[in-house]
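Written out below as structure tokens is the structure these notes cover.
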Amino acid sequence: MDSTDGVIGIAGGRELIDFEQLLERMVARFPLLSRAEIHAAAIIEHDAITGGALYAVPAELEEGLIEALESSSGAAEEPTTAA
């Protein structure tokens, strides 16, 4: 399977694929390696390719981040105005 098979989107100019599906393909291709070893190698390779940059995250992250920041700051968000 080509790495471009199963592209689920584009972010930061990069094609994105599902991480769990990638792991499943690698587990099948390298049966002598544990899933944990493959996962660790994938994280290292991701950082090498992207410099650790996050190009896409789950949409739920925004709401979770708002809740966490509001909780940690003890204050509601400041209203913003469109520029």
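The values are calculated or read from the model by the stated rules, or taken from the named source; none is laboratory data. None of the values given here were measured: they were computed from a predicted structure. Note: accessible area is taken over every heavy atom of the protein model, side chains too, but ligands, DNA and RNA are not part of it. Shrake-Rupley method; radii C 1.70, N 1.55, O 1.52, S 1.80 Å.
So what is the accessible area of region 1-58 per residue, in Å², with the probe set to 1.4 Å?
75
³J(HN,Hα) across region 6-22 via Karplus (A = 6.51, B = -1.76, C = 1.60, θ = phi - 60°), whole Hz, x for Gly/Pro?
Couplings: x, 4, 9, x, 10, 8, x, x, 10, 6, 10, 10, 5, 5, 5, 5, 4 Hz.
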